[in-house]
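Derivation of every value follows stated rules applied to the coordinates shown; laboratory data play no part. Keep in mind that this is a model prediction, so the values were computed, not measured. Here Cβ is always computed from backbone atoms with ideal geometry, including for glycine, and neighbour counts include all displayed protein chains.
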Amino acid sequence: MRVSLEWLKDYVDIAVPSNELAELLSMSGSSVDRVIEEGKGLEGVVVGHVVEVRPHPNADKLRIAIVDDGSTMRKIVCGAPNLKEGKKYALALPGARLPSVSDKTMHSATIRGVKSEGMFTSGAELGVNEDTSGIFELGREAPVGVDIRKALSLEDVIFDLEVTPNRPDCMSMMGIAREVAALTGKTLHLPQVEVSEKGPPIDGNARVMINDSAVCPRYTARVIKGAKVADSPLWMQRRLLAAGARPINNIVDVTNYVLLELGQPLHAFDLNLLGEKTIVVRLAHHGELITTLDGVDRQLDDQSLVIADTSKPVALAGVMGGGDSEVTERTSDVLIESAYFEPTSILRTSKRLGIRTEASSRFERGTDHEGTKLAAERAAWLMSELSGGVVAAGDIDVYPNPISPVSIDLRPERVNQLLGTQIAKNETVEILKKLEMEIEDNDVLKVRVPSFRRDLEREIDLIEEIARIHGYWKIPSALPAGGGMDAGLTIGQRLEERVTDSLSAQGLMEVWTDSFMRVEDLDRMRVPQGDRLRDLVTLVNPLAETGEVMRTTIVPGLLRVAARNINRGIKDLALFEQGRVFFAGEPGELPVERQCVDILLSGEKGTYGWGGDEREVDYYDLKGLVENLRAALKVKDLRFEAGDCPCMMPGTCAEVAVGEHTVGYLGRLHPEVADAFHVAGEFYIAELALEPLLDASEAGHEYRPLGRFPSVKLDIAVVVDEELAGSSVGDSIYRNGGEFLQSVRLFDLYHGPQIPHGKKSLAYALEFASTERTLTDEETRVELERIIDTLREEFGAQIRGREQDQGEST
Amino acid sequence: MDVRQELVKLAESKPELAYLVRESLEAVDRSGTLLEIEGARLAILGKKGRVSEIFKHLSEVPAEDRPEIGRVANMLRRYVEAELARKSEELKESDAEAMQKRQALDVTLPGRRAPVGRKHLLTQVIEEVTSIFISLGYWIESGPEAELDYYNFEALNTPAYHPSRSLLDTFYIMKNEPDKNSPDDVLLRTHTSPVQVRVMESRTPPLYVVSPGKAYRREAIDATHTAMFYQVEGFAVDRGIHMGHLKGTLEVVARKLFGSERRVRFRPDFFPFTEPSAEVDVSCHVCEGKGCALCKGIGWLEILGCGMIDPNVFEYVGYDPEEYTGFAFGMGIERIAMLKYGIEDIRLFYENDVRFLRQF
Ligand SMILES: [Zn+2]
């Protein structure tokens, strides 16, 4: 909302500089976003009178105006569509300064061969409004040649402020003036109303009937007779412009002026266009039509409140007037509507029809039901002053069930309990009185709230008012006790952090992708119908750019990140994401949300630098990351078994399980999937559910004493069938290793001329030790023999190298 | 006359010694490596060496010759010892020199680093914020991102016709059983505040909780808006909690995040679920409050919204607002990160360009 300081001064004395006032308002809840100093630095702009308009010899869109600047005639080249002979406009003379445009001085210029001795300016160039569509036009009575700052009383400061939704009363000059008065301790001046009712009694001239008083509790009307519709005087136009409203004519301008002044929306009807000069406030008939002032035909439902005459709707109550009863130049008798409508009814209608107006935005938040009479009177007086009409005697005020004033009990000690302050009772009373509340001073204060403060209903609402006016900055800061034993992370939360710790420490970049995806992402991933990944959570109202379902897998998001980076020339990728995936819930239940961690590797793996360690990543790099993650989470047994996930290249996929639970899968992305996501290259991807991993974590595991005796290290190479899962050899060694076996590590996988076709050689480094003594050669030999015997038995394995020692040949 | 000449002269007079002494001296002269020196030492001075041999055979020589032979043998031993020590010392010195030369590096070349990963900037900021709260005695709770209308709006005192409840502003989720009377609308939570209600429903005070999490708003995506964003919610409910506690807590948090010399101010604002409500500004850390591009000339940066929990919310969860009071706040993590690092486009967080991620 735009508040003119010059206008505001009508209602309250202001002694503080404007920037201090802005600060006061901001710090009490009416946030001042911008302070605009109008007319500051504006020089050399005068009222120019266009005496004649000629065509431009060299341009169709330009014209030449002969302009009286008060002392001489000037030729001005102008392209504005609203240039008319006989009108007055803001004219910038050579040497003028327009600070809203630039800080430079204007010079005369030659435009298409014609010298322009100055230029007309738009409202935006003057800094009085945002209008750039044409040049700024002045009223007929603007004195020619006078400085524009004087003509428009432009020495003003505009506060562009944001009113919180609970304060409709602040959407007016009066409301802000009340705040300023309360904050600065100055007296409030109510606007002048000296209506002299020279006209005939209103009763014979108009009628008002309310059919539904629940939605329209009050309707006040005034009538003006013999009005002459014309332009408003400059001072009013100027104030409307300052507030961001467009002047139309003296009748409509008064309704807008009073709306801005008092916050009470008004509507002016051409009384003679109302059937039987009667206003009927009723709900619309289903399918009833109205053409609103904006020229749109609107079909109504039976819950929309309308203002009708005896035959047809003439306005959408509280939202917008109708074209049929509009005030025009032919209008002489006017009916002023000043009503109170039920907020939710207006909100509903304005939402249903998609119209929001100055009126509806106030009605939907709650206007002052006790303010309708004053606003009608004020408007009637202004209209008769400006239009020469007479005010009909009396008003019509239909208010069948007066709304009782709100009274709230306030415990002064509660104020201090809740704010942590020591505000004395009399200070509390003082503050409330400044806000125009009436107080019965007992132990508990009985506070009667003024009717325009619709937001005050409870004790807490009053406490907030006291805090606001007392000043938030005066509340002393303190720290509360805190959660004691409950404070800190749980074991599960620490483990979750450890996932990102472990993966980022292993050289991966964490990414954050959208929780949304598209159904076609699952087709691209070759996910079969009926798969769990298709238990989708679907959005009712998706955005085109995000996707219509919640993700059931992070893979599409990661592939999109990969594609984006690859397109930007970053080809070596090591990424991970930890986040939720969503599956459709049981009927009547919320969707199921699962925490997942995904890894993507592609391109080269190596050091940052030189030395030639770089090589393409492979499956085992990915698996190593997962194994280290397992170790970080202290999960004992993670099983990797050959899997057949459809998004993975056949023969390169492992399913991961812990105990009874499937955790996820890893492997090389199927080339078709990569194609479908428009990425080229080899991608290694893992997707793991976090919950079973965290559940399997043995966070409290025990320490193993360190061996004091030297260990014995032995290598063996085991030749087995190519098809045999390598992990079973390692597992067998572990299982049969006996009490002294400390570790088993695969260090080589070999196919080649040294071993028979269809076989592979797995080389392991074994380490034996005892915690009690140094093992003898004989003891380790016995251990090794047992391991070898079992390998032979279980897998028909042959032991390379060793057999030769014993003089056997292969 | 030096020891060597004397030794040679003496040995010549005793033919039985002459050979041994000459051979020993030659062995010493021949040894040019540490290994050879060690060999010579063993051959001459060892248990079975030349000198021991001389002493061993002393009984076989005439008694009058014995002192002289003994003297020569001892002379030989001392000479060889000293000479070998000198040689080995020389050798070691020159060896180390050569070795050093061989092993010298161009220390100015860049190091070889293991690939370094990063937590996402938003993760880093979340961890920073939550750790501040944990140090103040808070714990972490989380809640569903697909949430009931009840928790997201109704129990947070949001009026039925509030604009944020519209299909234009909030993502709603399709019901999976349209014929049955599904209890409530399911939506993507528009803030993390529903966690307040869930935690209060399931526990009794004292509560000191922070809840980081994703939230969603149906907004056209541009430099300052994304449909998905990250919030940290926090609240404290206890006996005797007052607005001074809210101020003190958030002052600590704002200063820990933006620097201990920052000023912090609380401006009255309005939220349906807190009263009194406030917007918190921190003095701009770039211009120190003088006004710059980051703070748009105001000198203050808006960082979060907060307030005292509205008694209506307590009534929804069955707490007695006379017994318990509390405060709550919510801050946008992207905004904090943008202000801290001068990032101008929120979309950078979700684009995941590695060149961006690597910077933090
Ligand atoms: Zn700044």
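For the reader, a short list of remarks on this structure follows.
- Averaged over B:257-268, number of beta-carbon atoms from partner chains that fall within 10 Å: 3
- Sequence-separation-based contact order of chain B, relative, with Cα cut under 8 Å and 6+ spacing, percent: 14 percent
- Neighbouring Cβ atoms from other chains, within 10 Å of the Cβ of residues in A:337-350, number 1 on average.
- C-alpha center-to-center spacing [region B:1-66, region B:259-323] in angstrom: 97 Å
- Compared with the dominant Cα axis of chain A, that is its longest principal axis, helix A:555-567 is turned about 80°.
- Note on chain A: with charges restricted to the Cβ of Lys and Arg (+1) and Asp and Glu (-1), its dipole about the Cα centre is near 3080 debye.
- Given chain A, longest segment not containing exposed loop chymotrypsin sites (Phe, Trp or Tyr not before Pro) (DSSP; at most 15 other Cβ within 10 Å): A:1-609
- Shielding value for A:465-475 is 4, the average number of Cβ atoms from other chains within 10 Å of each residue's Cβ.
- P(r) tail, region B:121-357: Cα-Cα pairs separated by more than 32 Å, 20% of all pairs.
- Distance from the Cα centroid of region A:158-225 to that of region A:492-525 is 58 Å (rounded to whole angstrom).
- Loop trypsin sites (Lys or Arg not before Pro), region B:94-184 (other Cβ atoms within 10 Å of the site Cβ: 13 or fewer; DSSP): B:112, B:180
- Among residues other than residue A:267 with Cβ under 12 Å from its Cβ, the summed charge is -3 (Lys and Arg +1, Asp and Glu -1).
- Between region A:291-330 and region A:401-439, the alpha-carbon centres lie 43 Å apart.
- Net charge over other residues, Cβ less than 10 angstrom from the Cβ of residue A:333 (K, R count +1; D, E count -1): +1
- Once the Cα atoms are used to define both axes, helix A:425-434 deviates from the longest principal axis of chain A by about 60 degrees.
- Loop GluC sites (Glu not before Pro), region A:107-136 (other Cβ atoms within 10 Å of the site Cβ: 11 or fewer; DSSP): A:130
- This ranking places A:790, B:325, B:274, A:421 by how few other beta-carbon atoms lie within 10 Å of each, fewest first, which gives A:790, A:421, B:325, B:274.
- Relative contact order (%) - region B:3-103, alpha-carbon pairs under 8 angstrom, separation at least six: 31 percent
- In chain A, Cα pairs under 8 Å separated by at least six residues give a relative contact order of 8 percent.
- For the protein assembly as shown, the fraction of C-alpha pairs more than 50 angstrom apart is 51%.
- Only lysine pairs 8 or more places apart or on separate chains count here, and in region B:3-103 those with Cα atoms under 27 Å apart total 15.
- Value of Rg/Rh across region A:87-230 [Cα atoms, Kirkwood radius]: 1.12
- Relative to its Kirkwood radius, the Cα radius of gyration of region B:207-345 gives an Rg/Rh of 1.00.
- With the helix formula -39500 (n - 2.57) applied to DSSP H stretches of n ≥ 4, chain A reaches a computed 222 nm mean residue ellipticity of -7500 deg cm²/dmol.
- Angle in degrees between helix B:15-30 and the longest Cα principal axis of chain B, rounded to the nearest 10: 30 degrees
- Ordering A:34, A:668 by the number of other Cβ atoms within 10 Å of each residue's own Cβ, fewest first, gives A:34, A:668.
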